[in-house]
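Taking it in order: structure first as structure tokens, then the write-up.
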């Protein structure tokens, strides 16, 4: 198609794209004109808007590729700040949309489901702790469905806890209208708004202007919240982790966030668990006695707060979590797991943690040569058509041909073994081909158990890879095949804001001494 519609030179530029896609409805000649306008400094003030319109065909196809787990056909980059967020900021940053994206990640969901089922085969009726459960309580639901007798879910985000309450109430009513719901009148999370003016649940009446506007705003907020909850229930149904509760109890404690308790029968426990929620108190060294499940029932509890700062039940057989960033330790997994493992009585004698291990793989890279579409995608996302030196980017579709050598671990987190908070690692790479060296590529690998793993580079997952361009194009180093690149990586994950520093040195061959090239550092999770 490109040979028919496009000049030969332009056809060569976009040829890689056309080999993968028959058509995306894009006008390549117009894209070339936009890029030339940008280069000449004569681009229209709304160049990004024009680009977004012209690239809509690509984005539509990219969405289909993501849904079908096919790899992207282009290098896609977005700037990542070097001064990232700490654990608490990251928790506040997560929105319902963010959690929905995670729940829709088929690679993650299928891998965790498989690993949790495998773990539960060794512990029928096990006690499970889910750290960072989000509004869906997804891993806790999986554990309950796999046969756990008790599951405690911990979530720090107030918004996620409130949303979990709304989902649970709606889930009870959707499953069985006879489900018993005990809810005090002072608990109001937006689901019992009075419409005013003449009747419950209808559209606001015709009160005075200020009061009426407030009523309308509340009614619209309720309607939007109900739509979100409806979508959440639909997604949970698709994931086969929906609950089948027989009773729901919601309470409030001293003005704290709404609390809830759900009970499910043994028949329901084969596919899901019940749920109990409490605020938890800030006494991290204490353990509490969990609510006892009646014979043939499954109990799950939801605690609001950081796992290191609240009272939790004791005697867990399995801890599950997804507190892994694009850089494995960036979301505070090391600190959180060490604190939980150090709490007396929290774990049983045979306590296991899932994932069993995770790490960040790193590899030196050669200069990227983006094609037309990649340059314009970069400009539309960042305002520049090429990656800048001394900058970090989240990246998808990075070509394996640009790796100088196979990736190696820059950090490795053994959650069931020794887990140091501060470490220094030195990795030496031998270039497999001659190239111009200018950057580093990093990606997450998570080993959930002995048979299940997730590779964020090889698989289409919601985790993205990280690219650091170290050197400008003029400063890129020509390295022959057999040249060595040494990376010394310092990781300090002892606080809520992990820090990272990399020293890079090169040597022309196996016998030459190393010479310093550059340093690069960042902190937190972007």
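Residues in region 399-419 that are surrounded by 14 or more Cβ atoms within 10 Å (Cβ to Cβ) and more than 17 Å from residue 485 (Cβ to Cβ): 411, 412, 413, 414, 415, 416, 419. Can you tell me which residue is modelled with the lowest pLDDT among those in region 54-72 that are under 19 Å from residue 378 (Cβ atoms) and outside any helix (DSSP H, G or I)? Only one residue fits best here, namely 55. Of the residues making up region 324-336, none is touching a residue at least 12 places away in the same chain (Cβ under 8 Å), farther than 16 Å from residue 491 by Cβ and within 25 Å of the chain's Cα centre (by Cα).
Regarding region 106-115, can at least one residue be identified that is touching a strand residue (DSSP E or B) at 6+ places or on another chain (Cβ under 8 Å) and closer than 30 Å to residue 501 by Cβ? Walk me through it before giving the result.
Just the residues of region 106-115 that are touching a strand residue (DSSP E or B) at 6+ places or on another chain (Cβ under 8 Å), to begin with: 107-108, 111-112, 115.
Add one more test, that the residue is closer than 30 Å to residue 501 by Cβ, and what stays is 108.
Taking every residue of region 106-115 in turn, at least one turns out to be touching a strand residue (DSSP E or B) at 6+ places or on another chain (Cβ under 8 Å) and closer than 30 Å to residue 501 by Cβ.
Residue 284 satisfies every condition listed in (1) at pLDDT below 95; (2) surrounded by fewer than 24 Cβ atoms within 10 Å (Cβ to Cβ); (3) closer than 19 Å to residue 89 by Cβ except (3). Please work out which residue is nearest to the chain's Cα centre (by Cα), limiting yourself to region 115-126 and to residues that are in contact (Cβ under 8 Å) with a residue 40 or more places away in the chain and farther than 23 Å from residue 171 by Cβ. Out of the qualifying residues, it is 115.
Considering (1) touching a helix residue (DSSP H, G or I) at 6+ places or on another chain (Cβ under 9 Å); (2) in a loop (DSSP other than H, G, I, E, B), the lone condition that residue 491 does not fulfil carries the number (2).
There is no residue in region 18-31 that is buried (at least 18 other Cβ atoms within 10 Å of the Cβ), modelled with pLDDT of 75 or more and outside the structural domain of residue 323 (by TED's automatic domain parsing).
The values are calculated or read from the model by the stated rules, or taken from the named source; none is laboratory data. Because the structure is predicted, anything quoted here is derived from the model rather than measured. No Cβ is skipped: glycine too gets one built from the backbone with ideal geometry, and neighbour counts run over all protein chains shown.
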